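Down below is the structure, laid out as structure tokens.
The values are calculated or read from the model by the stated rules, or taken from the named source; none is laboratory data. As the structure is a computational prediction, the values presented were derived from the model and not from experiment. Virtual Cβ from ideal backbone geometry, glycine too; neighbours counted across all protein chains shown. Calculation scope for accessible area: heavy atoms of the full protein, side chains included, ligands and nucleic acids excluded. Shrake-Rupley method; radii C 1.70, N 1.55, O 1.52, S 1.80 Å.
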2 protein chains.
Amino acid sequence: MLTKDGREFTRGEMPEKACRAGEFVFSAAHLDHGHIYGMTRALIEAGGTLKSVWDPDPKKRADFLRAFPGTVEARCEEEILEDRDVRLVAGAAVTNERCAFGLRVMDAGKDYFTDKAPMTTLGQLAAAREAVRRTGRKYMVYYSERLHVECAVLAGYMIEDGLIGRVLSVTGFGPYRVGPREGRPDWFWRREPSGGILCDIGSHQIEQYLYYAREEDAEVTSSRVANYAHPDAPEFDDFGDCALTGKGGSTNYFRVDWFTPDGLRTWGDGRTLILGTKGYIELRKFINVAADRPGGNHLFLVNGDGEQYVSAAGTTGFPFFRDLILDCLERTERAMTQEHAFRAAELSIRAQNTAADLTPMAGR
Amino acid sequence: MLTKDGREFTRGEMPEKACRAGEFVFSAAHLDHGHIYGMTRALIEAGGTLKSVWDPDPKKRADFLRAFPGTVEARCEEEILEDRDVRLVAGAAVTNERCAFGLRVMDAGKDYFTDKAPMTTLGQLAAAREAVRRTGRKYMVYYSERLHVECAVLAGYMIEDGLIGRVLSVTGFGPYRVGPREGRPDWFWRREPSGGILCDIGSHQIEQYLYYAREEDAEVTSSRVANYAHPDAPEFDDFGDCALTGKGGSTNYFRVDWFTPDGLRTWGDGRTLILGTKGYIELRKFINVAADRPGGNHLFLVNGDGEQYVSAAGTTGFPFFRDLILDCLERTERAMTQEHAFRAAELSIRAQNTAADLTPMAGR
């Protein structure tokens, strides 16, 4: 954590738990994306009590039960939705089914915490907004690349402390390793269920931009997708990029792709560059490429005081999850406003819907 | 230099001189930008023979003569243009005067080598194209951030050798330190003489993109400028960015700005990221921020073989200048085609002319 003047970091001062055991009971359902494990673990670490799990696939249920022993194996989705103990349901369904499930969760009087992207169409978004208004429940989103990465959390504290002045521009790189065709479910390769690259992994990038630049809204200035090298999966975008202009005059650009080379020691060289009037921050989230130090969470801060490297692992923990539980218990918006969560999703969908497809230009 | 399979680098194998002393005589005139020193030195190192210098300002002439003793101090521009020994004139005039001077040089039967940006308007560009056709002379441009930076040269060799496959996307960052108001000439702060940020320092970025991605032409997909923090210089752009889509379906994004923090050990943390189908290259051109190793020319290569750091200083020299001299002597296009030099300029001007100005949105 940063001290007030932003120069010192006290390692190991993790966020306290939000509540005592049993005070915040949640369940997990629809386990299509592996993110459900990170979401569940983080809620437990923040004080949540995992009660039950459901997925139509017995193998997915069994895997989850092995990771979280003692969890009740529900017999159907309804068993969870009807359980009066359960305050929140975490889910990582196929992307285009996340909204429909969320509506069922909220209609059952529970808060919803879904993997990103939280939905794939503007119609789903409108339905989600309406359900939030009608039920008063939350539709929160696991934008993991900021919320569950300590250097990304630390960057937020530094900006808050004024260490780089007013944020003018955020640039993000989200490269991922795609791996063998058979290593991914069928829906991953198809446009409608996955939502496309800008909607899916682009949503991390847009959320980060809005957060770091303190922008409430933005316009999609330019967006592009392409399938450069996966002719056997013609609906798949292996490349996407996007420029946004914030309502407050700041700028964003990000590039996402599935071209992490085999020789990289991890799945992706994710970066975030944040330019402010008085300095800049670079995050090398998951690897400092070709450098000896292993692991991620590398933060580089340059401002009037000089250049500073901070190994951010162990500095902040993940306050989002504590705050999310408190928000659910106390009906506040500490962790993230509903509008912010939806706005990032909306812009991701708009970027995808209006993207120029470069595939034919590239001769494919 | 890379060996054929691209794995080994032999340091110190610098390009040979293009010719013997006296075989390629050149002069320098219009010394408004300090780049003229780098241009002159590089031509001399490549085998050129500097004969004379001219600038209307006696102080600029005197400074230049101190740096290059033995140079003839011409009494006027005409003295250089009428000198039959002189084959090429190097110039770094105020940006919007570079073209007019170039036309005089070419009309005098000499090749022209100008600092970037080579011109500031599409009208000037048309005149330059016409003069090249009419006179058969060259209008070459000192795009120094690729041509005069060894890691940038080495990246070109690596791409040629196929080390990262087909180039899909190039991203560039060109941050600069602006320094005190009085440290820059008046024309630097004004739109018409300087051409604006995308035309000026943006031209480096666009030239690099076209070169690395092997694109002959591109479209400006989005461009933005702003004056976020220099209210006393209202015509000055302290920020600019731009996205280009190549004719062959590749993409480019770059950001240029004047926000290098005081604490950075050099004038700018210039970066180039080149994504290919089989790997990627990152250039940290002038500094590896917060790392011990001083100086620039840091190249990071990631592909199927792993992650590799290459300290590129001393690996390639600057073959452009040798090739430029040979091109002038033999009327070839080894160093750079005329069309490439003009296309980069054209796109820079178009990006500037069509840029959205974010200054009012940012509340200024």
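Annotations for the structure displayed:
- Every condition in (1) surrounded by fewer than 24 Cβ atoms within 10 Å (Cβ to Cβ); (2) in contact (Cβ under 8 Å) with a residue 24 or more places away in the chain; (3) more than 7 Å from chain A (Cβ to nearest Cβ) holds for B:PRO234 except the one numbered (2).
- Options A:GLU192, A:GLU216; residue that is farther than 20 Å from A:ASP357 by Cα, open to solvent by 10 Å² or more (accessible area, probe 1.4 Å) and away from every other protein chain (no Cβ under 12 Å): A:GLU216
- Here A:GLN205 meets the list (1) buried (at least 19 other Cβ atoms within 10 Å of the Cβ); (2) farther than 20 Å from B:LEU168 by Cβ; (3) in contact (Cβ under 8 Å) with a residue 40 or more places away in the chain almost entirely, failing just condition (2).
- The numbered conditions (1) away from every other protein chain (no Cβ under 14 Å); (2) β-branched (Val, Ile, Thr); (3) part of a loop (DSSP other than H, G, I, E, B) are all true for A:ILE206 except (3).
- Among strands (runs of 3 or more DSSP E) entirely within region B:73-177, having at least 1 residues that are within 14 Å of another protein chain (Cβ to nearest Cβ), closer than 30 Å to A:CYS242 by Cβ and of a type in the set (A, V, I, L, M, F, W, C) singles out B:167-175.
- Unique match (being at negative phi and either within 10 Å of another protein chain (Cβ to nearest Cβ) or free of Cβ contacts under 8 Å to residues at least 12 places away in the same chain (or both)) among A:GLY270, A:GLY248: A:GLY248
- Some residue of region B:339-359 being among the polar types (S, T, N, Q), part of a helix (DSSP H, G or I) and open to solvent by 20 Å² or more (accessible area, probe 1.4 Å): yes
- Complete set of residues in region A:327-364 that are within 14 Å of chain B (Cβ to nearest Cβ) and basic (Lys, Arg): A:ARG364
- Beta carbons closer than 6 Å, at least 6 apart along the sequence or on distinct chains, pair a first residue in region A:119-130 that is over 14 Å from A:VAL94 (Cβ atoms) with a second that is hydroxyl-bearing (Ser, Thr, Tyr) for A:ALA128/A:TYR139.
- Residue check, A:GLY296 modelled with pLDDT of 95 or more and at the interface with chain B (Cβ under 8 Å from one of its Cβ atoms): no
- Residues located in region B:280-293, provided they are open to solvent by less than 20 Å² (accessible area, probe 1.4 Å), touching a strand residue (DSSP E or B) at 6+ places or on another chain (Cβ under 7 Å) and at the interface with chain A (Cβ under 9 Å from one of its Cβ atoms): B:GLU282, B:VAL289
- Residues that are assigned to a loop (DSSP other than H, G, I, E, B), open to solvent by less than 60 Å² (accessible area, probe 1.4 Å) and closer than 28 Å to B:TRP189 by Cβ, drawn from region B:14-72: B:HIS30, B:LEU31, B:ASP32, B:HIS33, B:GLY34, B:ASP55, B:ASP57
- Taken as a whole, the structure leaves A:ARG166 outside the set of residues that are out of contact with any Ser or Thr (no Cβ under 8 Å at 6 or more places or on another chain) and at pLDDT 95 or above.
- Members of region B:254-267 that are facing chain A (nearest Cβ under 7 Å), closer than 21 Å to B:GLN352 by Cα and open to solvent by less than 10 Å² (accessible area, probe 1.4 Å): B:ASP257
- Test for A:THR277: is it facing another protein chain (nearest Cβ under 7 Å), of a type in the set (Val, Ile, Thr) and open to solvent by 30 Å² or more (accessible area, probe 1.4 Å): yes
- Evaluating A:GLY304 against the criteria (1) surrounded by 18 or more Cβ atoms within 10 Å (Cβ to Cβ); (2) modelled with pLDDT of 95 or more; (3) more than 19 Å from the chain's Cα centre (by Cα) leaves one unmet condition, (1).
- Enumeration of residues in region A:244-253 that are over 19 Å from the mean Cα position of the chain (by Cα), open to solvent by less than 10 Å² (accessible area, probe 1.4 Å) and not polar (S, T, N, Q): A:GLY246, A:GLY249
- Number of residues in region A:307-326 that are touching a residue at least 12 places away in the same chain (Cβ under 8 Å), within 14 Å of chain B (Cβ to nearest Cβ) and open to solvent by 10 Å² or more (accessible area, probe 1.4 Å): the value is 1.
- Taking every residue in region B:67-96 that is over 21 Å from B:GLY109 (Cα atoms) and pairing it with any residue that is small (Gly, Ala, Ser) and open to solvent by less than 50 Å² (accessible area, probe 1.4 Å), at least 6 positions away or on another chain, the pairs with Cβ-Cβ distances below 6 Å are B:THR95/B:ALA117; B:THR95/B:SER194; B:THR95/B:GLY195.
- Some residue of region B:78-86 being in contact with a helix residue (DSSP H, G or I) (Cβ under 8 Å, 6 or more places away or on another chain) and open to solvent by 10 Å² or more (accessible area, probe 1.4 Å): yes
- A:PHE239 being under 17 Å from the mean Cα position of the chain (by Cα), buried (at least 23 other Cβ atoms within 10 Å of the Cβ), within 11 Å of chain B (Cβ to nearest Cβ) and closer than 30 Å to A:TYR228 by Cβ: no
- Test: A:LEU103 is touching a helix residue (DSSP H, G or I) at 6+ places or on another chain (Cβ under 7 Å), open to solvent by 30 Å² or more (accessible area, probe 1.4 Å) and on the phi < 0 side of the Ramachandran plot: yes
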